[in-house]
Amino acid sequence: RAMTITTIAALIYTVITAGVIVFQLALAVGAPWGEYAMGGAYPGRFPPALRAAAVVQAVLLALIAGIVLARAGLALSGWAAASTWLIWFVVAFAVVATILNSITPSARERRIWAPVALVMLACSLTVALTAG
């Protein structure tokens, strides 16, 4: 099967999301990377409530990646019908992430996550517009 633009975009999105999930889980277990998240408001290790929030974010990101993969026809075929409209939630989520990561007061967070969020936005929009 030839690699389509939809497949390529979905795979890039999924690989990047896997990296973000690893980052979130690292924060959850106490990695001292707080200056790279949440506007840098909690440099060092996150407090317990934000560690729990990082786990929730990791789960949400995994579900979102599942939507992208389903829409691209690469996995979770049972989600295919719902993915036709859920993909637009993913695109909206990526728009918000791109904006927030572009205006964060943390320069380190902005340098890393704004480009990542922009690529995720481009990939999710590509899947939304080309799948099906």
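The values are calculated or read from the model by the stated rules, or taken from the named source; none is laboratory data. No experiment lies behind these values; they were computed from the predicted model shown. We work out accessible area using only protein heavy atoms, side chains counted, and drop any ligands, DNA or RNA first. Shrake-Rupley method; radii C 1.70, N 1.55, O 1.52, S 1.80 Å.
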Completion exercise
Result for segment 38-132: accessible area per residue, probe 1.4 angstrom, in square angstrom, of 54
Exercise for the section: Would you calculate, for the chain, the mean residue ellipticity at 222 nm contributed by helices, counting each DSSP H stretch of 4 or more residues as -39,500 (n - 2.57) and dividing by all residues, to the nearest 500? Expected result: -25500 deg cm²/dmol
Handout entry: Difference of contour (0.36 nm per residue) and Cα-Cα distance, Thr130 to Arg108
Key = 4.6 nm
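What is the percent carbon and sulfur in the accessible area of segment 20-132, measuring with a 1.4 Å probe over the protein chains and ignoring ligands?
73
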Practice task
Would you mind calculating the gained length between Val22 and Leu118 on full extension (0.36 nm times residue separation, minus the Cα-Cα distance), in nm to one decimal?
Solution key: 32.7 nm
